[in-house]
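Have a look at the structure below before the remarks.
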Amino acid sequence: DAGVRFLATPCDLEAVKLLDQLGVQAFKIASGDITHRPLLEAVAKTGRRIFLSTGAASPNEIDRATGWLNGSVVTPMACDLVYPCSDASANLAETIPRLRGFDTVGYSDHTTGVVTGAVAVTLGATVLEKHVTLEPGGDTPDDKMALSVKRARVYRELAHRAFILCSAVDGDPQQ
C-alpha cells in the first residue's frame, strides 16, 4: 500500500537462488560485495534490476562490477561505510556526481537527518534508500541511523519537493 517494493541483498550464491525463486523484484548488492564476481554474475542471470552500493569502491571497481552485471539494469548507489554517518562525512557533492555516467543514480543514506535525501536529489540522485525503524533508539546498528515512520514521511516529502524544484516536470510524479 505504501508503494515499497520488495528487494533483498544476497550475501552468497544460495541466497541468490532462493530470492530468485521467491520472486524478489530487485536485488541490492552490498558495497562489500562489489568485487564478488560470482555473486554479481549470478544476480545478473536473474534478469532483475540491480542496485549496486558503491561504498568505498574505486571507479575501476565500479566499472568492472557493471561489466560483470552484463547488460543488467543497474543503479549505482553512492554511500559511505559509516553507521550512522555524520553530515560532515556524507560527502554528497563528491560521491553522487562521480556516478552521473549511469542512466539512474541512487544514494544509500546512512545519516540520521531528514534533509539528506533532498540534498541528494539536487545533486542528481533519482533513487533513495533510507532505513526506517519501528523502534527508534533500539539496539540494532540500523536503529542508530534509521528514521521513525513519522520522520521517514518528512524525509520522503522533502526529497519529493526537491525533485519538483529541480525538474521541468509538469504535474505531480508518483516517484
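The values are calculated or read from the model by the stated rules, or taken from the named source; none is laboratory data. Please read these numbers as outputs of a predicted model, since none were measured by experiment. Cβ: placed from backbone, ideal geometry, glycine included. Neighbour counts: every protein chain shown. Surface accessibility is based on the protein's heavy atoms, side chains included, excluding ligands, DNA and RNA. Shrake-Rupley method; radii C 1.70, N 1.55, O 1.52, S 1.80 Å.
Length gain on complete extension for the stretch residue 81 to residue 112, per 0.36 nm per residue less the alpha carbon to alpha carbon distance? If you can, show how the numbers build up before the last one.
Values: separation 31, 0.36 × 31 = 11.16 nm, distance 1.40 nm.
That works out to 9.8 nm of additional length.
Antiparallel as a % of all DSSP beta bridges within the chain, to the nearest 5? So the antiparallel bridges in the chain amount to around 0 percent.
Nearest 0.05, what FRET efficiency do residue 35 and residue 127 give at R0 = 25 Å with Cβ-Cβ as r? Let's see the in-between values first.
Numbers: r = 22 Å, r/R0 = 0.89.
E(calc), rounded to 0.05, equals 0.65.
Counting only protein heavy atoms and a 1.4 Å probe, tell me what percentage of the chain's accessible area is made up of carbon and sulfur. Walk me through the intermediate numbers first.
Values: 5260 of 9940 Å².
Whole-percent figure for carbon plus sulfur exposure: 53.
Extension gain, residue 18 to residue 143: 0.36 nm times the residue separation minus the Cα-Cα distance gives 42.3 nm.
Only helices at least 27 Å long along their axis, Cα-based, and averaging 1.0 or more on Kyte-Doolittle count here, so list those DSSP H runs from the chain.
Details: long enough: none.
Span-like helices here: none at all.
Net charge within 10 Å of residue 35 by Cβ-Cβ distance, Lys/Arg positive one each and Asp/Glu negative one each, not counting residue 35 itself?
Values: positive: 37, 64; negative: 33, 61.
Around residue 35, the surrounding residues sum to 0.
Potential lengthening of the chain between residue 7 and residue 100 amounts to 31.1 nm, from the contour at 0.36 nm per residue minus the alpha-carbon distance. 3J(HN,Hα) couplings calculated from phi for the stretch 77-84 with the Karplus curve 6.51 cos²θ - 1.76 cosθ + 1.60 (θ = phi - 60°) are, in sequence order, 10, 5, 6, 10, 10, 10, 10, x Hz; Gly and Pro show x. Evaluated with a Cβ-only charge set (Lys, Arg +1; Asp, Glu -1), the chain carries a dipole of roughly 280 debye about its Cα centre, given to the nearest 20.
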